[in-house]
Structures are given as structure tokens and as C-alpha cells.
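Enquirer: A single structure is presented below for examination.
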Amino acid sequence: MTAVAAEGVRPHRAVVRPVPLSRIIAVELRKMFDTRSGFWLIASIAITAVLAAAGVILFAADDQLTYSTFATAIRFPVVIILPLVAILAVTSEWSQRTGLTTFTLIPHRGRIITAKAISSVVIAIAAMALTFAVGALGNLVGAAVTGAPLVWDVTITQCLYYVLGMVLSLLVGFMLGVLIRASIGAVVTYFVLTFLLPTIFSLLATGSHWFRGLQPWVDIQFAQSGLFVFDKSLTGEQWAQIGVTGVVWLVVPLLAGLRMVMRAEVK
Amino acid sequence: MITVDGLSKRYGGTLAVDDVSFTAAAGRVTGFLGPNGAGKSTTMRIMVGLTRATSGTATIAGRKFADLPNPGREVGVLLDASAQHAGRTGREILTLAQRLMGLPRTRVEEMLTAVSLTPDEATRRVGEYSLGMRQRLGIATALIGDPDVLILDEPANGLDPAGIRWMRDLLRGYADRGGTVLLSSHLLHEIEVIADDIVMIGHGRIVSHGAKTELLHAAGTIVRAVDLARLEQALTDWGLTANATGDGALRTDADAALVGTVALESGVALTELRAAEGAGLEEMFLELTSTTQREGARA
């Protein structure tokens with residue numbers, strides 16, 4: 001009788017331990033690669049970097065075959081694709097409705113969003129390392145093919161600026177993913193912010209005197225442009241401009257988006 | 001054990017879930033029955049923390065879902081089998097769950113076998129899966145952490161009769177080993193086949209709650225007579241309520257012996273007298289369904 005009763009009771013399991021953040025990050029990283037679209041999106045960073053480097057070797061004048069030319073050319077495709085990786089990492093939970101599983105297995109949305117932010121930044125830094133490597137390779141090949149002198153005209157500090165600039169662009173994408181939570185809407189808004197808005201700002205600046213002085217404090221792209229020029233170190237004022245535009249265009253909307261993510265119903 | 005206590009959810013002016021309280025006991029399969037839009041899914045989403053309740057609580061073994069350290073190891077959840085990234089393979093979806101829960105890698109293949117997904121099917125992308133295959137994959141994801149509690153929303157949707165039988169045997173075995181199963185359905189037949197206890201919900205409110213055997217037997221009596229109008233009058237005179245079933249019979253809550261006595265006393269010849277097994281539950285359910293269908297037709 002007792003044996004029968006005992007059979008009905010499930011064996012007592014070992015104490016269940018909480019899921020560590022590192023494990024969530026590892027799974028989120030895996031989720032960026034494990035679909036065909038995700039894989040090719042990240043692969044396209046490497047592909048376009050190589051294409052951009054090849055383009056510099058083919059079309060740039062010999063005296064411009066310097067490391068900074070390569071790094072600048074590679075930046076353009078990467079700065080477009082990288083934020084898309086961050087956007088889709090967030091929005092796919094809603095657009096593909098995988099959030100139903102994700103937010104049930106980890107019922108603390110802040111931890112998932114944190115893991116997504118960290119894994120996106122990890123991808124960004126890896127992509128930057130790749131960019132610098134492809135740029136260096138391009139520089140070596142370019143010098144060998146054309147016979148032009150090998151020029152390494154970028155300092156470590158400038159590389160760090162460059163990485164910071166890329167991470168900030170990626171975070172703008174991340175912010176839009178959190179704020180909008182729909183893939184197409186977030187991607188379109190990203191392109192509006194990155195390409196349309198700076199054009200409007202520069203038109204305004206040409207048209208009116210008073211705005212020209214204001215632009216570095218309003219236009220996030222303009223404020224950050226110093227990070228990408230491989231020219232000189234930034235002044236305190238330029239850092240302040242990066243800070244102000246960052247708070248307005250990145251931190252404030254990100255906080256608003258996070259607030260909504262914490263409260264929104266997952267369906 | 002799942003305990004739901006005074007749960008309400010308001011969307012604007014409408015109460016989608018209205019003061020819902022029930023328990024799903026360990027060792028039993030509890031069927032959550034109601035027409036589409038009755039509030040089943042909302043209640044289940046609140047249980048697992050995807051939706052915030054306006055008031056009330058839902059606990060699992062005395063704890064809130066959000067307080068579980070590794071929920072997948074304690075509660076298996078399947079809310080919508082189609083809510084998966086179409087570009088992932090079945091095996092990859094299980095692997096993600098296995099990694100997140102910190103389980104041994106062998107669990108993935110074990111679960112694929114348990115839900116009869118072949119190695120070939122497991123390497124295909126979920127976008128190519130039929131609804132039945134998605135349900136099997138969803139069940140596998142719910143079971144992979146070997147939880148004590150299962151919460152399944154319409155798990156039999158899209159399954160063929162053999163699949164429903166498989167699901168019934170699986171859940172029966174799971175409950176017999178001491179597990180708690182809560183599953184929802186909008187089909188009375190599915191619930192009748194699988195569940196031990198039934199919680200019936202309509203318009204956000206619980207309309208009936210109890211063991212399946214009790215609910216099916218508390219159904220009253222069906223009676224036919226040559227002079228039906230006279231019988232109805234006689235029953236009413238005795239203070240009993242009788243309703244026409246629409247097919248030439250009367251249905252009353254009184255038991256068969258009492259109805260027979262009334263007929264004898266009033267001299268009405270009966271042509272049929274029997275217990276209305278299951279009819280009470282079915283009629284209540286049909287009533288709920290027809291009102292929602294009328295609303296659907298109007299909208």
C-alpha cells in the first residue's frame with residue numbers, strides 16, 4: 001500500500017538554481033545566428049567589409065591608399081547593417097512571437113533585454129575587430145598591388161573612438177527595437193533617423209545662421225562625426241555634444257521604450 | 001498545484017476575466033473549457049506573467065510564477081504552438097530551451113523521440129511544419145525541463161484523432177505520476193476525453209467547476225409523455241422547473257423517481273424517462289457557445 005502511494009509522488013528533485021545572466025547572453029547570441037536571415041545578416045557584415053576594401057584598392061588614388069581610407073570605406077556598410085542586427089534581436093520576439101516562450105522561460109523582461117543589449121554589443125565589437133583586420137589586410141594588399149608606400153595613419157585612440165561610434169549607432173538601433181517592437185517600423189525609423197534627418201538638419205544649417213551653431217547640440221550624427229574622421233582628438237565641447245545628443249536621442253527614448261516593454265502584454 | 005484566486009483583467013471598459021478562482025490539483029488533469037474569447041488564454045497568460053492582472057493572484061505550488069528561479073524546470077508552458085521563429089529548425093528550438101534551462105544536451109533527442117518527431121522533421125524549419133507538428137514540438141518544449149506542472153493552451157488544436165489519443169495518454173501518464181496538468185479547449189469532447197476536473201468559463205466568469213463525473217451526473221432527467229403540456233403543468237404545480245428540450249421532451253433537475261411519482265399522481269402516461277447524462281454540461285456549454293456565436297454574427 002505504501003509502495004503504491006509512493007509511486008504517485010514524484011521524486012524530490014535537487015534544488016533548482018536561478019538562470020545566470022551569462023547563460024541568457026549565450027542563448028541570445030546563438031539566436032542571432034541560428035536562422036537563415038540572422039546568419040546572412042551577420043555574414044553580410046564580413047562580405048560587405050571585404051567588398052568595400054576591394055573597392056578602395058580598385059578605385060582609390062595611390063596616395064590615398066592609407067589605413068584610414070580603408071577603415072572609413074568599410075564603415076559605411078557596417079554602420080548600416082550592425083544596428084539592424086540589434087533591432088531584429090529585440091523586435092523578433094514580438095514580430096515572430098517567440099517572446100511567448102522567451103519571456104515565460106525567463107519571467108524577468110529586464111534580464112532578457114539586458115542580455116540582448118550585451119550580446120548586441122559583443123557582436124558590434126567582434127564586427128569592429130573584423131573591420132580593422134579586413135582594413136589592415138586591404139592596406140597590405142593595396143600597397144603590394146600598386147607599389148604605393150604602406151601608410152598606417154590611425155592611432156589606437158582613434159580606433160577606440162571608432163568602436164565607440166559604432167557601438168553608439170548600434171545602441172540607437174537597439175533603442176528603436178525596444179521602443180517600436182516591430183521589425184519593419186523600427187528599421188524604417190532607423191533609416192529616417194540616420195539618412196533623412198541629418199539631411200534635413202544640414203539643409204537647415206545652410207539656410208539659417210542661428211541653427212548652424214545649434215546643430216552639433218541637436219544632430220546626433222553631426223555630433224558623433226568626429227569619432228569617425230581619424231583626424232584629431234576630440235575637444236571637451238565635442239564630448240559634451242556627443243553626451244547631450246546621446247541623452248536626447250538615445251537614453252530618453254530608450255528609457256521610455258524599456259518602461260513600455262516591462263508593462264506591455266506579450267501575445 | 002495551481003491556485004488562481006480572484007483573478008480579474010480589464011481592457012478598457014470590458015472585463016475579459018471576471019473574478020476567476022479555481023485550483024488545478026496535483027495528480028489530475030484539469031480541463032479549462034470555454035468558447036473562443038471566453039478568457040481562457042488571458043487567464044493562462046496572467047498565470048505565467050505575460051499579462052498583468054488587474055486584480056487577484058495566480059500561484060504555482062504557492063509561489064508566483066516570476067519568483068520561480070528557473071521556471072522551465074518547474075512549469076511546462078505551451079500557449080501558442082505557432083509562436084515560433086519560422087526560420088528555426090525544430091531541433092534548434094528545443095536546443096535553445098535546453099541551454100536556457102541548463103539541461104544535459106541529450107534531453108533534446110530524448111524529447112524529439114518522446115513526441116515522435118523524426119530526425120528528418122527535426123532538421124526542417126518550423127515554417128514548413130503542420131500545426132500538428134508544431135503542437136508536438138510545443139509539447140516537447142514544455143516537457144523538456146521535466147516540470148511538475150503543465151499549462152497548455154489548446155494543445156489538441158491541429159492534432160488528428162491519433163494525435164489526440166497520443167496526447168491523452170501522455171497527459172494521463174503525466175498526471176498519474178503526480179504531475180499537475182491544466183489544459184484549455186473550446187471543444188467539450190476533447191475535455192471530456194482527457195480531463196478529470198472541469199473548469200468551465202464563459203464571458204470571463206467561471207460558470208461551472210468540479211470533477212468531471214459529478215458534473216456529468218448532475219444533469220437531471222429527460223422525460224417524454226403523450227400529453228406533454230399536462231405533464232409540464234403537473235411538474236410546475238409540484239414546484240419543479242421543467243424546460244422543453246426542443247425535440248418533444250422535457251428536461252428537469254428533479255430525479256427520475258420524483259418525475260415518475262408526479263406523472264402517476266397526475267395520471268399522465270410517460271413514453272420515456274431517463275437520466276440526462278452529460279446533457280447539463282453540454283447544454284450549458286452550447287448556451288455559452290451560441291451566445292458568443294450570435295455576437296460573432298452580429299459583428
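Values quoted throughout were computed directly from the atomic coordinates according to the rules given, and no laboratory measurement underlies them. The structure displayed is predicted, hence computed values, not measured ones. Cβ atoms come from the backbone with ideal geometry, glycine included; neighbour counts cover every protein chain shown.
Enquirer: Name the residues whose placed amide hydrogens come within less than 5 Å of the amide hydrogen of residue B:150, ignoring near sequence neighbours (fewer than 5 apart) on the same chain.
Expert: Counting only residues 5 or more places away or on other chains, the set is B:76, B:180, B:181, B:182.
Enquirer: Relative to the compact globular guide of 2.2 N^0.38 Å, what is the alpha carbon radius of gyration of chain B, as a ratio?
Expert: 1.19
Enquirer: Oh, and also: Amide H to amide H under 5 Å from residue B:254: which residues, 5+ apart in sequence or cross-chain, H placed 1.01 Å off N in plane?
Expert: B:221
Enquirer: Name the residues of the stretch A:128-153 whose amide N is less than 16 Å from a point 7 angstrom out from the Cα of residue A:62 along the C-beta direction?
Expert: A:141-151
Enquirer: At 0.36 nm per residue, and after removing the present C-alpha to C-alpha distance, how many nm does the segment from residue A:225 to residue A:144 gain when stretched out fully?
Expert: 26.0 nm
Enquirer: Just rank B:17, A:85, A:248, A:79, fewest to most, by other beta-carbon atoms within 10 angstrom.
Expert: Going from least to most buried by this count: A:248, A:79, A:85, B:17.
Enquirer: Go ahead and set up a Gaussian network model of chain A, Cα springs under 10 Å, then flag whichever of A:219, A:34, A:62 fluctuates most.
Expert: Largest GNM mean-square fluctuation: A:34.
Enquirer: Right, next: Where both partners of a DSSP beta bridge lie in the stretch B:2-210, what percent of those bridges are antiparallel, to the nearest 5?
Expert: Percent antiparallel among DSSP bridges in the stretch B:2-210 is about 55.
Enquirer: Please order B:240, B:143, A:160 by the number of other Cβ within 10 Å, starting at the fewest.
Expert: Final ranking by Cβ density, sparse to dense: A:160, B:240, B:143.
Enquirer: Mean separation of Cα pairs under 8 Å and 6+ residues apart, divided by the residue count of the stretch B:2-210: what relative contact order is that in percent?
Expert: 33
Enquirer: Other chains near B:82-90: what is the mean number of their Cβ atoms within 10 Å of each residue's Cβ?
Expert: Mean shielding by partner chains, rounded to a whole number: 5.
Enquirer: Which one, B:172, B:205, B:224, has the greatest fluctuation when you compute a Gaussian network model over chain B with C-alpha springs under 10 angstrom?
Expert: Residue with maximal mean-square fluctuation among B:172, B:205, B:224: B:224.
Enquirer: Follow-up question, since we're still on this one. Report ³J(HN,Hα) in whole Hz for each residue of the stretch B:64-76, in order, from the Karplus equation J = 6.51 cos²θ - 1.76 cosθ + 1.60 where θ = phi - 60°; Gly and Pro get x.
Expert: Using θ = phi - 60°, the values come out as 5, 4, 5, 8, 6, x, 9, x, x, 7, 10, 9, x Hz.
Enquirer: In whole Å, largest first, what are the principal axis extents of the Cα atoms in the stretch B:220-276?
Expert: Result, largest extent first: 23, 20, 16 Å.
Enquirer: Same structure again: What nm distance separates the two modelled labels at residue B:177 and residue A:214, each placed 7 Å from Cα along Cα→Cβ?
Expert: Label at residue B:177, label at residue A:214, 6.8 nm between them.
Enquirer: Here is a further query. Karplus couplings for the stretch B:16-23 from phi (6.51 cos²θ - 1.76 cosθ + 1.60, θ = phi - 60°), rounded to Hz, Gly and Pro as x?
Expert: Working through the residues one at a time gives 6, 10, 10, 6, 8, 9, 6, 10 Hz.
Enquirer: Return the sequence-ordered ³J(HN,Hα) values of the stretch A:245-256 in whole Hz as given by the Karplus equation 6.51 cos²θ - 1.76 cosθ + 1.60 applied to θ = phi - 60°, using x for Gly and Pro.
Expert: Coupling constants for the stretch A:245-256: 5, x, 5, 6, 8, 10, 5, 5, x, 5, 5, 4 Hz.
Enquirer: Can you give the helix-only mean residue ellipticity at 222 nm for chain A, where every DSSP H stretch with n ≥ 4 adds -39500 (n - 2.57) and the sum goes over all residues, rounded to the nearest 500 deg cm²/dmol?
Expert: The helix-only estimate for chain A comes to -24500 deg cm²/dmol at 222 nm.
Enquirer: Please list, ordered by chain and number, the residues whose modelled amide H lies under 5 Å from the amide H of residue B:242; skip anything fewer than 5 residues away on the same chain.
Expert: Residues meeting the amide H criterion: none.
Enquirer: As a footprinting exposure proxy, order B:60, A:57 by other Cβ within 10 Å, with the fewest listed first.
Expert: Taking fewest neighbouring Cβ atoms as first place, the list is A:57, B:60.
Enquirer: Would you list, by chain and number, the lysines whose Cα falls below 25 Å from the Cα of residue B:9, excluding same-chain residues fewer than 8 positions away?
Expert: The qualifying lysines are A:267, B:40, B:64.
Enquirer: Moving on. Taking a cut-off of 26 Å, what percent of all Cα-Cα pairs in chain A are separated by more than that?
Expert: Tail fraction, whole percent: 51.
Enquirer: Counting only helical runs of four or more DSSP H residues, what would the 222 nm mean residue ellipticity of chain B come to if each run contributes -39,500 (n - 2.57) and the total is spread over all its residues?
Expert: Helix-only estimate at 222 nm: -12000 deg cm²/dmol.
Enquirer: Still on this structure, I have one more. How high is the relative contact order of the stretch B:220-276, in percent, with contacts defined as C-alpha pairs under 8 Å that are six or more residues apart?
Expert: Rounded, it is 53 percent for the stretch B:220-276.
Enquirer: With springs only between Cα atoms under 10 Å apart, run a GNM on chain B and tell me which of B:26, B:275, B:249 wobbles the most.
Expert: Result for chain B, Cα springs under 10 Å: B:249 fluctuates most.
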